[in-house]
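Chemist: One structure, pasted below without further comment.
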Amino acid sequence: MSTIVLSRPSRGVFHTQASNGISDEAKTLWQSMAELQNSFLTSFSIGKPKRDVLESTTEVFEESCHPDWDGYSAAPVSFETYLKAKKFLSALPTNLPTPEVSAHPDGQIGFEWFVAPNRQFVMGISSEDELAYAGIFGINKTSGVELFIDEIPKAVLEGIRRLF
Amino acid sequence: MKPAVFLPAPNGETSVLRIDGVPDNLIWQTAETMANERNQTLYARADFPAETVNATAEATKVKVSVVIAEPPPRHANIIGWPMDDKDKRLLVAMQLANAASLALKE
């Protein structure tokens, strides 16, 4: 048969989450934090993996943003999905490895963390506020759907951390 | 092997070719024809034993199976994907990918 192929509890340095503050001070603080995070990403040695995966995500989006991008009637990856994927990557703690990126036939962007055939975690991200994920950890398997608005769901972070 | 390779098209099918006993050059030729028909570039193929589909169905409790869908000759589809459950599709795709070997086009 053949098919063609076309943990630590720390959240990492500068992990940010959405601010609920509405005061001017809160906004200023949030902006400073965002600027600090951007400057961190431009650090060659530390920010490179994240920059690389962001670049890969852009490439995947460009290749699959039109209908039937795989020749099998795949749904296009929407700009909203692309933005959501970038949001996920920005929220990913810097102490976690960055994923491989691919487009899915349903128009989602997929992220995969692969250690070995029996140790891997995959997820799909869409323009909706949901993340679908599945993981294999030796003889154990897990899968589910979680809400993703600003913060990466705990179940997803735990799944990724469980691999390393 | 990326699980995404095995995820079904929006119609709920993953297109496969039955390659038992088929010479390697003919497999590549057929794959190339299929890619050309879709205006795609063929980079590689993912080979896996047919019984993997049944084993995956058992392991994941998702009733995926292979049905012959000719023409073209030897073409088949993996069907039975849970199209309402993306997480289950990911789990099935991972299991199939684990059993597959990648052959790059020379």
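Only the coordinates and a few stated rules stand behind these numbers; no lab work does. Quick caveat: nothing in here was measured; it's all calculated off a predicted structure. All Cβ positions, glycine included, derive from the backbone under ideal geometry; neighbour counts span all protein chains shown.
Chemist: Two decimals, Cα atoms only, Kirkwood Rh: what is Rg/Rh over chain B? Could you put the intermediate results ahead of the total?
Modeler: Working: Rg = 13.5 Å, Rh = 14.3 Å.
Radius of gyration relative to Kirkwood radius: 0.95.
Chemist: Tell me the net charge near B:Lys61. Cut-off is 12 Å between Cβ atoms, B:Lys61 excluded, with +1 for each Lys or Arg and -1 for each Asp or Glu.
Modeler: Values: positive: A:Lys141, B:Lys63, B:Lys88; negative: B:Glu58, B:Asp85.
Once positives and negatives cancel, what remains is +1.
Chemist: Kindly express, to the nearest 10 degrees and within the range 0 to 90, the angle between helix B:51-60's C-alpha long axis and the longest C-alpha principal axis of chain B.
Modeler: Its long axis makes an angle of about 20 degrees.
Chemist: Specify the angular offset, from 0 to 90 degrees and rounded to the nearest 10, of the alpha carbon long axis of helix B:86-99 from the longest principal axis of the alpha carbons in chain B.
Modeler: Taking Cα atoms only, the helix is inclined about 50 degrees.
Chemist: Just how large is the dipole of the protein assembly as shown about the Cα centre, in debye to the nearest 20, putting +1 at every Lys and Arg Cβ and -1 at every Asp and Glu Cβ? Kindly include the intermediate steps, with their values, before the conclusion.
Modeler: Values: 25 positive and 34 negative charges, 174 e Å.
In total the dipole reaches around 840 debye.
Chemist: Hey, another quick one. To the nearest 0.05, what FRET efficiency results for B:Asn39 and A:Val115 with a Förster distance of 35 Å applied to their C-beta separation? Let's see the in-between values first.
Modeler: Numbers: r = 36 Å, r/R0 = 1.02.
According to the calculation, E is roughly 0.50.
Chemist: Provide the gained length on full extension for the span B:Leu104 to B:Arg18, in nm with one decimal, where the gain is 0.36 nm per separating residue minus the Cα-Cα distance. Walk me through the intermediate numbers first.
Modeler: On the way: separation 86, 0.36 × 86 = 30.96 nm, distance 1.81 nm.
Length difference between fully extended and current span is 29.2 nm.
Chemist: Rg/Rh for the stretch A:49-163 to two decimals, with Rh computed the Kirkwood way over all alpha-carbon pairs. Let's see the in-between values first.
Modeler: Numbers: Rg = 13.6 Å, Rh = 14.2 Å.
That ratio equals 0.95.
Chemist: Could you work out how much longer the chain between A:Cys65 and A:Leu147 gets when fully extended? Use 0.36 nm per residue separation minus the Cα distance between them, nm to one decimal. Before the final figure, lay out the partial values.
Modeler: Values: separation 82, 0.36 × 82 = 29.52 nm, distance 2.39 nm.
Taking A:Cys65 through A:Leu147 to full extension adds about 27.1 nm, to one decimal.
Chemist: While we're on this one: Let me understand the protein assembly as shown better: what is its radius of gyration from the alpha carbons, and its Dmax, in angstrom?
Modeler: Values for the protein assembly as shown (Cα only, Rg and Dmax): 20.0, 72 Å.
Chemist: Hey, what number do you get for the protein assembly as shown at 222 nm if only DSSP H runs of n ≥ 4 count, each worth -39500 (n - 2.57), divided across all residues, to the nearest 500?
Modeler: Values: 7 runs with 98 residues, N = 270.
Computed ellipticity for the protein assembly as shown at 222 nm equals -11500 deg cm²/dmol.
Chemist: How many lysine pairs are close in the stretch A:49-163, with Cα atoms under 25 Å apart and the two 8 or more places apart or on different chains? Walk me through the intermediate numbers first.
Modeler: On the way: A:Lys50/A:Lys84; A:Lys50/A:Lys86; A:Lys50/A:Lys87; A:Lys50/A:Lys154; A:Lys84/A:Lys154; A:Lys86/A:Lys154; A:Lys87/A:Lys154; A:Lys141/A:Lys154.
Value for the stretch A:49-163: 8.
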